[in-house]
Amino acid sequence: MIKIHTLKNLQQRDVFEFMRGDFKNEHWHESSIFLTEEAFAFLHLHIYKVLPNFNYFGPNSVNLKQWNQIAFIACTLNNSMDIDFIRFFNKIDDWVQKNFEEHTCFSICGP
């Protein structure tokens, strides 16, 4: 199973942090979600198609239009109906949609 971590259940530090809004030169936010490099590997190809200048170590800003493109590509290319990937992606998308209720972007910082 592909896991998404919160700060409370994070057991390692080499992770990708998805943080609300613009990057503010701070890490380890309570409101962030964290993906291991293994989990991020399921997303990175889709992200690079939309954000070709994506910096693996970050910070990277993703707006709603870009996220919608990433989601479309991820869901279109994942036509195998891999239930673990769908659950994983839906959890990230839930977090992203809540973010966009208050912010115009979210940030991704790498390990």
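Run the dipole for region 15-109 about the Cα centre, Lys and Arg Cβ at +1, Asp and Glu Cβ at -1, nothing else charged, and hand back the magnitude in debye, nearest 20. Could the numbers behind the result be given before it?
Values: 7 positive and 12 negative charges, 57 e Å.
Here region 15-109 has a charge dipole of around 280 debye.
Relative contact order of the chain, taken over Cα pairs closer than 8 Å and 6 or more residues apart, is 42 percent. FRET efficiency for the pair His103 and Lys65, taken as 1/(1 + (r/R0)^6) with r the Cβ-Cβ distance and R0 = 22 Å, rounds to 0.95.
Rounded to 0.05, the FRET efficiency of the Trp28 and Ile73 pair, given R0 = 30 Å and the Cβ-Cβ distance, is 0.55.
Need one word for region 3-86: rounded, prolate or oblate. Basis is the Cα gyration tensor (sqrt eigenvalues a ≥ b ≥ c); a/c below 1.5 gives rounded, then a/b vs b/c decides. It comes out oblate by the Cα gyration axes.
FYI, it's all coordinate maths here, none of it is from the lab. Predicted model only: the values in this text are computed from it and were never measured. Please note: Cβ atoms are built from the backbone with ideal geometry, for glycine as well, and neighbour counts cover all protein chains shown.
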